[in-house]
Amino acid sequence: MTTKRITSVETEVECPRCGEPSSVAVPDGSEISVRSTVAAFGDHETVTCSRGHRYWVYSC
Ligand SMILES: [Zn+2]
């Protein structure tokens, strides 16, 4: 029996609309992409920048 451990790391992303940096926690070792539209699949975090823009960070 194996135990799967997922660790999260804080990484910095930029708002696609204004470039404002925000930090988001993503699974360690995953590749992330920033989208300004939501997709109905994949692991993602919703981020709201300090100027109120909402975007999505996908990890895979
Ligand atoms: Zn923004």
>> I'd like to check one number: the per residue accessible area of region 8-59, probe 1.4 Å, reported in Å² as a whole number.
In response: 65 Å²
>> Under a crude label model (7 Å from the Cα following the beta-carbon direction), how far is residue 3 from residue 51 in nanometres?
In response: 4.5 nm
> In the chain, carbon and sulfur make up what percent of the accessible area (probe 1.4 Å)?
Replying inline: 45 percent
>> Suppose we flag trypsin sites (Lys or Arg not before Pro) only when DSSP calls them loop and at most 12 other Cβ atoms lie within 10 Å. Which is the longest uninterrupted stretch of the chain?
In response: 6-50
>> What does the C-alpha gyration tensor say about the overall shape of region 8-59? Classify as rounded when a/c is under 1.5, otherwise prolate if a/b is larger than b/c, or oblate.
In response: oblate
> For region 8-59, with only Lys/Arg (+1) and Asp/Glu (-1) charged at the beta-carbon, what is the dipole magnitude about the Cα centre, in debye rounded to 20?
Replying inline: 360 debye
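The values are calculated or read from the model by the stated rules, or taken from the named source; none is laboratory data. Just so it is clear, the structure is predicted and the values come from calculations on it, not from any experiment. A quick note on method: Cβ atoms are made from the backbone with ideal geometry, for glycine too, and the neighbour counts reach across all protein chains shown. With ligands, DNA and RNA removed, areas are computed over all heavy atoms of the protein, side chains included. Shrake-Rupley method; radii C 1.70, N 1.55, O 1.52, S 1.80 Å.
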